[in-house]
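Undergrad: One structure is given below, represented as structure tokens, and several questions about it will come after.
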Amino acid sequence: MNREVQILPDAAAIARRAAEKIVEAAAIAIKERGGFTIFLAGGSTPKALYSLLASDPTFKSQFPWDKTQFFFGDERHVPPDDPESNFRMASESMLSKVPVKPEQIHRIKAEYEDAERAAQEYEQDLRSWFKPSAGQLPRFDVLLVGMGDEGHTLSLFPGTKALHDNGRWVMPNWIGKLFTTRITITAPVANNSALVIFMVTKADKALALKGVLEGPYEPEQLPSQLIQPKNGKLLWLVDTTAASKLSPGTSK
Ligand code: 6PG
């Protein structure tokens, strides 16, 4: 696997590095295929990244807004105007401030009471957009993800059903410890991305990060270990506090 771990001073530096990598990936995708596809994440670090892309004059002018399709890796089971909504966060911090048309934004319809319906419709949206041949998964350019302090990523939490590949692209996933359902893409879809960028900050994640990067492969405990792009690159952007327990050989 093509993995790189970069240790940066803080969340602002991570947002900046992620923005550089995204703009670079977008330029390549547009040169090769005329369009760019990115899956957005929820969480605090991505929010800083979205604000940067939408407000920094250099990034804003470099980003190919009109040639990008925006997707979401996961969503909380709430309507799009709920403060918990990943769509709302991405919209407020970036999408409403840049020149993109509504049809470029593919959101998970988590306002449905039936999360299964939201998952199925989203999978259908992905199928219609990416049109992979039979048995193939969607191939896209960038997946942004975070990691929780117990090793979850997307809405793939330890010990939950969506960890187990049953051929689905998108699943409703009951998260007992949060007493809620979330809707998430599955690991096989995530692993078909050309580039996965993990953004991890804060000391409370240091031990889980060490476990994910240096421990035995136990994805039932640490689902972030499931993320291993097949024909792509895995880039970890971590701050010094989250990286504080890593062995010297782990970073590049
Ligand atoms: C979400 C994401 C989740 C998140 C991690 C880390 O919607 O919240 O699915 O996987 O990326 O919980 O979040 P922070 O970056 O805010 O710590």
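Undergrad: Scanning for something without any contact (Cβ under 8 Å) to a residue 24 or more places away in the chain, aliphatic (A, V, I, L, M) and part of a helix (DSSP H, G or I), does region 155-165 turn up at least one residue?
TA: no
Undergrad: Considering only residues that are over 24 Å from P132 (Cβ atoms) and either of a type in the set (D, E, K, R) or crowded, with 24+ Cβ neighbours inside 10 Å (or both), which ones fall in region 176-208?
TA: Within region 176-208, K177, R182, F198, M199, V200, T201, K202, D204, K205 meet the criteria.
Undergrad: Is it true that some residue in region 51-70 is within 18 Å of the chain's Cα centre (by Cα), touching a residue at least 60 places away in the same chain (Cβ under 8 Å) and either within 16 Å of the ligand (Cβ to nearest atom) or under 23 Å from D239 (Cβ atoms) (or both)?
TA: For region 51-70, residues within 18 Å of the chain's Cα centre (by Cα), touching a residue at least 60 places away in the same chain (Cβ under 8 Å) and either within 16 Å of the ligand (Cβ to nearest atom) or under 23 Å from D239 (Cβ atoms) (or both): absent.
Undergrad: Separate question: With the structure loaded, tell me whether L234 is in contact with a Lys or Arg (Cβ under 9 Å, 6 or more places away or on another chain), within 16 Å of the ligand (Cβ to nearest atom), over 19 Å from L40 (Cα atoms) and not in a loop (DSSP other than H, G, I, E, B) or whether it fails that test.
TA: Against the criterion (in contact with a Lys or Arg (Cβ under 9 Å, 6 or more places away or on another chain), within 16 Å of the ligand (Cβ to nearest atom), over 19 Å from L40 (Cα atoms) and not in a loop (DSSP other than H, G, I, E, B)), L234 does not qualify.
Undergrad: Sticking with this structure for a sec: I'm checking my understanding of the structure. Among residues of region 47-96 that are of a type in the set (K, R) and in contact with a strand residue (DSSP E or B) (Cβ under 7 Å, 6 or more places away or on another chain), which one is farthest from E20 (Cα to Cα)?
TA: So, considering only residues that are of a type in the set (K, R) and in contact with a strand residue (DSSP E or B) (Cβ under 7 Å, 6 or more places away or on another chain), the one farthest from E20 (Cα to Cα) is R76.
Undergrad: All but one of (1) modelled with pLDDT under 95; (2) within 17 Å of the chain's Cα centre (by Cα) hold for M1, so report the exception by its number.
TA: (2)
Undergrad: Sort through P248, P219, P229 and tell me the only one that's more than 13 Å from the ligand (Cβ to nearest atom), within 23 Å of Y122 (Cα to Cα) and either in a loop (DSSP other than H, G, I, E, B) or in contact with a helix residue (DSSP H, G or I) (Cβ under 7 Å, 6 or more places away or on another chain) (or both).
TA: Result of the check over P248, P219, P229: P229.
Undergrad: Let me ask something additional. Among the listed residues S55, S44, S51, S93, which satisfies the condition of being among the small types (G, A, S) and modelled with pLDDT under 95?
TA: S44
Undergrad: Given the structure, is L222 farther than 18 Å from L137 by Cα and modelled with pLDDT of 95 or more?
TA: yes
Undergrad: Taking region 71-114, which residues are without any contact (Cβ under 8 Å) to a residue 60 or more places away in the chain and of a type in the set (F, W, Y)?
TA: F72, F87, Y112
Undergrad: Taking the residues in region 26-42 that are crowded, with 19+ Cβ neighbours inside 10 Å and under 28 Å from D10 (Cβ atoms) as candidates, determine which candidate is nearest to the ligand (Cβ to nearest atom).
TA: Filtering region 26-42 for residues that are crowded, with 19+ Cβ neighbours inside 10 Å and under 28 Å from D10 (Cβ atoms), the one nearest to the ligand (Cβ to nearest atom) comes out as G42.
Undergrad: Hey, could you check region 128-154 for residues that are in contact (Cβ under 8 Å) with a residue 60 or more places away in the chain and over 24 Å from A115 (Cβ atoms) and say which is farthest from the ligand (Cβ to nearest atom)?
TA: Restricting to residues being in contact (Cβ under 8 Å) with a residue 60 or more places away in the chain and over 24 Å from A115 (Cβ atoms), the top hit is D141.
Undergrad: Sort out which residues of region 158-185 are over 26 Å from R17 (Cα atoms) and under 14 Å from the mean Cα position of the chain (by Cα), and write them in order of number.
TA: V170, I183
Undergrad: Another question about this same structure. Taking region 146-175 as the region of interest, how many residues are crowded, with 18+ Cβ neighbours inside 10 Å, within 17 Å of A203 (Cα to Cα) and either in contact with an Asp or Glu (Cβ under 6 Å, 6 or more places away or on another chain) or of a type in the set (A, V, I, L, M, F, W, C) (or both)?
TA: Of the residues in that region, 1 qualify.
The values are calculated or read from the model by the stated rules, or taken from the named source; none is laboratory data. Everything quoted here is computed from the prediction, not taken from an experiment. Don't worry about glycine lacking a Cβ; one is built from the backbone with ideal geometry, like all the others, and counts go over all protein chains shown.
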